[in-house]
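> Starting off with a structure, shown below.
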Amino acid sequence: MIEHLQDTTTLHNGVKMPWLGLGVFKVAEGLELVQAVKSAIKHGYRSIDTAAIYENEKGVGQGIHEALLEDKLPREKLFVTSKVWNADLGYESTIAAYEASLSKLGLDYLDLYLIHWPVQGKFKEAWRALETLYKEGRVKAIGVSNFHIHHLEELLQDAEIKPMVNQVELHPYLNQQELIRFCKDHDIQMEAWSPLMQGQLFDQPILNEIATKHGKSVAQVIIRWDLQHGIVTIPKSTKEHRIIENADVFNFRLSDEEMTRIDSLHQNHRVGPDPDNFDF
Ligand code: NAD
């Protein structure tokens, strides 16, 4: 049972990762970003998800450091994720990218470092670099993002260390059931990006009906659906009231029937690129 914003899942290497975190995709450097990170931490979030390509690691780092000071928290209480961008995939270049992310964030380790996209012919070398960083104790956990089952199978052929996490697009219109099953069988924690389908699900009638019944918002119902499925998630907002709202999901429970109704909304619909067909 997940009962609190700071509850964690235990990754296969024993590291604890919060079930719910804040995403900061498309939030530019500046005060709004710093405030969003600070406000999330102030309201109890312990996990922040960024990436080199978001070009906002400096502000995320500033928000983290100010929050740690103001809320009198030690760094170890936070779980910080970043991702190596496609252009940096390679052994040496991935290690250099990790150092660059640390330096922008002003941190001396990350809790989770991910390969952002499965660029064919490149992701295995990058994985070797992540394994090195992990074995040297410079990162607490390593994982991948946007990996289909066949990408994971390819990676697992040569991997010394299994990814601890796979972060993919996942929401009621793209419920990723097969991938979830595969990851469960391999002890890989699933994590949902764009859980709210970037704001495009708020008019969905069934989600609205379920939300009204519980006196909750559609966003809260979707986040609760993720958690009850054992999926880590990182909804994005920069507005304090929504940051609070998205974390206020621990005082209600979706019934099995409601879970199934939401599962059945699946239509294999993506808002982001298909990992089998991207050109960046
Ligand atoms: P999201 O599904 O979290 O939706 C964000 C949008 O919904 C924003 O426009 C926000 O204003 C709105 N919103 C948030 N909470 C709301 C609420 N309670 N009520 C009304 N509107 C609300 O989309 P996202 O930002 O794409 O995904 C979340 C995070 O996932 C990102 O910030 C990023 O950290 C991560 N991500 C990762 C990848 C990847 O390739 N690994 C890709 C995209 C996003």
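Read the figures in this text as sums done on the coordinates, not as results from a lab. From a predicted model like this one, the values you see are computed outputs, not experimental measurements. Glycine gets a Cβ as well: all are built from the backbone with ideal geometry, and neighbour counts include every protein chain shown.
> Calculate the FRET efficiency for LYS239 and ALA87 from the Cβ-Cβ distance with a Förster distance of 30 Å, rounded to the nearest 0.05.
Numbers: r = 32 Å, r/R0 = 1.07.
It comes out at approximately 0.40.
> Do any trypsin sites (Lys or Arg not before Pro) in the range 16-113 lie in a DSSP loop with no more than 16 other beta carbon atoms within 10 Å, and if so, which?
Values: sites: LYS16, LYS26, LYS38, LYS42, ARG46, LYS58, LYS72, ARG75, LYS77, LYS83, LYS104; in loops: LYS26, ARG46, LYS72.
Sites meeting the loop and neighbour criteria: LYS26, LYS72.
> Is the C-alpha gyration tensor of the range 226-280 telling us rounded, prolate or oblate? Criteria: a/c under 1.5 is rounded; beyond that, a/b larger than b/c is prolate, otherwise oblate. Provide the component values of the computation, followed by the final result.
Working: a/c = 2.76, a/b = 1.25, b/c = 2.21.
Verdict is oblate for the range 226-280.
> List VAL27, VAL15 from most exposed to least, where exposure is judged by having the fewest other Cβ atoms within 10 Å. Before the final figure, lay out each step's value.
On the way: VAL27 22, VAL15 18.
Arranged by neighbour count, lowest to highest, VAL27, VAL15 become VAL15, VAL27.
> Classify the range 3-105 as rounded, prolate or oblate from the Cα gyration tensor: take a ≥ b ≥ c as the square roots of its eigenvalues, call it rounded if a/c is under 1.5, otherwise prolate when a/b beats b/c and oblate if not.
oblate
> Return, ordered by residue number, the residues of the range 72-102 whose backbone nitrogen is under 19 Å from a label point located 7 Å along Cα→Cβ of LYS135.
Taking a point 7 Å out along Cα→Cβ of LYS135, the residues of the range 72-102 whose backbone N falls under 19 Å are 90-99.
> Can you figure out the FRET efficiency of ILE161 with PHE202, using R₀ = 51 Å and their beta-carbon distance, to the nearest 0.05?
Numbers: r = 40 Å, r/R0 = 0.78.
Given R0 = 51 Å and the Cβ-Cβ separation, E is 0.80.
> Using modelled amide H (1.01 Å from N, peptide plane; none on Pro or chain starts), what sits under 5 Å from the amide H of LEU22, excluding residues fewer than 5 places away?
HN-HN under 5 Å from LEU22: SER47, ILE48, ASP49.
> Tally Lys/Arg at +1 and Asp/Glu at -1 over every other residue whose Cβ is under 12 Å from the Cβ of ARG270; what's the total?
Working: positive: none; negative: GLU169, ASP274, ASP276.
Residues close to ARG270 contribute a combined charge of -3.
> Among DSSP bridges having both ends in the chain, what percentage is antiparallel? Round to the nearest 5. Kindly include the intermediate steps, with their values, before the conclusion.
Details: 5 of 30 bridges.
The antiparallel fraction comes to roughly 15 percent.
> Now for a different question. How much mean residue ellipticity at 222 nm does the chain get from its helices, if each DSSP H run of length 4 or more adds -39500 (n - 2.57) and you divide by all residues, to the nearest 500 deg cm²/dmol?
Working: 10 runs with 110 residues, N = 280.
The per-residue figure over the chain is -12000 deg cm²/dmol.
> How much net charge surrounds LYS58 when only the other residues with a Cβ under 11 Å from the Cβ of LYS58 are counted, with Lys and Arg +1 and Asp and Glu -1?
-2
> In percent, how large is the relative contact order of the range 8-263, given Cα pairs closer than 8 Å and 6 or more residues apart?
Working: 442 pairs, mean separation 48.0, N = 256.
It comes to 19 percent, rounded to a whole number.
> May I pose another question? So what are the three principal axis dimensions of the range 98-194 from its Cα atoms, in whole Å, longest to shortest?
Result, largest extent first: 37, 29, 23 Å.
> Excluding PRO74 itself, what net charge comes from residues whose Cβ is under 14 Å from its Cβ, given Lys and Arg +1 and Asp and Glu -1?
Details: positive: ARG46, LYS72, ARG75, LYS77; negative: GLU70, ASP71, GLU76, ASP108, ASP111.
Around PRO74, the charge tally is -1.
> How do ASP49, ASP276 line up, fewest other C-beta atoms within 10 Å first?
Working: ASP49 27, ASP276 11.
Fewest to most other Cβ atoms nearby, the residues stand as ASP276, ASP49.
> Please order ARG224, ARG128, ARG253 by the number of other Cβ within 10 Å, starting at the fewest.
By the 10 Å Cβ count, ascending, the order reads ARG253, ARG128, ARG224.
> Separate question: Could you give the length gained on full extension between ARG75 and HIS266, defined as 0.36 nm per residue of separation minus the Cα-Cα distance, in nm? Please report the intermediate quantities before stating the final value.
Working: separation 191, 0.36 × 191 = 68.76 nm, distance 3.87 nm.
Extra length from ARG75 to HIS266 when fully extended: 64.9 nm.
> Explain nothing, just the number: relative contact order of the range 1-116, from Cα pairs under 8 Å at least 6 residues apart, as a whole percent. Let's see the in-between values first.
Working: 176 pairs, mean separation 26.8, N = 116.
Reported relative contact order: 23 percent.
> Please give the contour-minus-distance gain from ASN251 to GLU153: 0.36 nm per residue of separation, less the Cα-Cα distance, rounded to one decimal in nm.
31.4 nm
> Between ASP185 and SER103, what is the label-point separation in nm under the 7 Å Cα-to-beta-carbon projection?
With each label point 7 Å from Cα toward Cβ, the separation is 4.4 nm.
> On to the next question. Under 1.5 on a/c is rounded, so check that first for the chain, then, if it is not, pick prolate when a/b is larger than b/c and oblate when it is not; a ≥ b ≥ c are the square roots of the alpha carbon gyration tensor eigenvalues.
Numbers: a/c = 1.69, a/b = 1.20, b/c = 1.41.
It is oblate, given that a/c is not under 1.5 and a/b is not larger than b/c.
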